[in-house]
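The values are calculated or read from the model by the stated rules, or taken from the named source; none is laboratory data. The structure displayed is predicted, hence computed values, not measured ones. All Cβ positions, even for glycine, are placed from backbone atoms using ideal geometry, and neighbour counts span all protein chains on display. Calculation scope for accessible area: heavy atoms of the full protein, side chains included, ligands and nucleic acids excluded. Shrake-Rupley method; radii C 1.70, N 1.55, O 1.52, S 1.80 Å.
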Amino acid sequence: MSSFTEIILPVRDYDLAATLDSGQVFRWRQAGNSWHGVIGGKFVRLTQTENGIQATTTAPVENWGWLREFLQTEIDLAAVLKTFPDDEPMRNAVARCHGLRLLRQDPWECLASFILSSTKQIVQIRQIVALLCERFGEPLTRPSATLSPSDGERNGVRGASVSKKTHLSFSFPSAQRIAAATESELRDCKMGFRAPNLLAAARQLDCGKFDLEKLRSLACAEARHELMTLRGVGGKIADCVLLFAYGFDSAFPVDVWIERALQELYFPRRRADEKRLRKFAATHFGPHAGYAQQYLFHYMRTKLK
């Protein structure tokens, strides 16, 4: 087994479980008190401690900036929360989900994952992404004892034809690798009608017709428009990518959970259409509306559970 490289990132008011299990990412699995996942080409184990977050990886690490950036440990969460509206639904959401952070993901992995998320529940998205990584990703070095034989069932991939190696042993496949695949091969990953959408996006990136890095220099509305030129990318997927990969905190993804939250919590006596909900969200939740959205999203999911 490779030697470990470890660090403790000091951070306060950080709920690791809520952050990794709130529908932002789909490759993190809980194992005891720790969470196992992949960031870039590194297998990483994260553990919440009294003083912060302990990170363990088998890859040599000189600079942990990539992990701080992914986890967003250095943002001033209290300052973000102060911008939220002072109303009962938001106060309840913050109380229930205190410490939830928005992650900063790789743009391609985020885009591909949310293209695959269309009309799927989180457990199903995890299954699809697991298969995609195992079949098209690159093998990674990781501790052999990081997963128990029962982890596959506990982590929501039961019956999904994922080998015992698990997807955590593989990197997320590059756009170039996906672009070289066939639609039939992608459909074998149980992604159905999403296969041609993913393939089209990968090929546009691979041939240089679409530049994800360019979006960083655009205003949020312009970046959203650009993303929506990709096949299979509507407003919700574009907003998720802008929020979770680029840090456009004004992006406000509206899916069935958020629509339900806004309807039940803010419009309980009358039905509001999506246009009305979007207009309300754009003016009510402040400069970090996307952050507020994530608190409402996770609050509604955990409330029902």
Portion, in percent, of the accessible area of the chain that falls on carbon or sulfur, probe 1.4 Å
47 percent
Report the per residue volume, in Å³, of the convex hull enclosing the C-alpha atoms of the range 77-133.
130 Å³
Of the lysine pairs in the chain, how many meet both conditions: Cα atoms under 27 Å apart, and a spacing of 8 or more in sequence or different chains?
28
Rounded to whole Hz and in sequence order, give me ³J(HN,Hα) for the range 183-190 from the Karplus expression 6.51 cos²θ - 1.76 cosθ + 1.60, θ = phi - 60°, writing x for Gly and Pro.
4, 4, 5, 5, 4, 5, 8, 6
In nm, the gap between the two label points placed 7 Å beyond Cα toward Cβ at Arg231 and Arg270 is 4.2 nm
Quick one: which of 110-119, 280-289, 22-31 comes out on top by average Cβ neighbours within 10 Å, and what's the full order, highest first?
110-119, 22-31, 280-289
What does the accessible area per residue of the chain come to in Å², with a 1.4 Å probe and no ligands, DNA or RNA counted?
47 Å²
From the phi of every residue in the range 13-27, what ³J(HN,Hα) in whole Hz does the Karplus formula 6.51 cos²θ - 1.76 cosθ + 1.60 yield, where θ is phi - 60° and glycine or proline is x?
6, 10, 9, 5, 4, 4, 5, 7, 10, 10, x, 7, 10, 10, 10
Less than 16 Å from a label point 7 Å out along the Cα-to-Cβ axis of Thr182: which backbone N atoms in the range 197-219 qualify, by residue?
199
Can you classify the range 239-305 as rounded, prolate or oblate using the Cα gyration tensor, where a ≥ b ≥ c are the square roots of its eigenvalues, rounded means a/c under 1.5, and otherwise it's prolate if a/b beats b/c and oblate if not?
oblate
Residue with peak Gaussian network fluctuation, the chain [Cα springs, cutoff 10 Å], from Glu62, Glu213, Glu138
Glu62
Lys, Arg +1 and Asp, Glu -1 on Cβ, resulting dipole of the chain about Cα centre, debye, nearest 20:
920 debye
So Ala79 and Ala221, fully extended at 0.36 nm per residue minus their Cα-Cα distance, gain in nm 48.7 nm
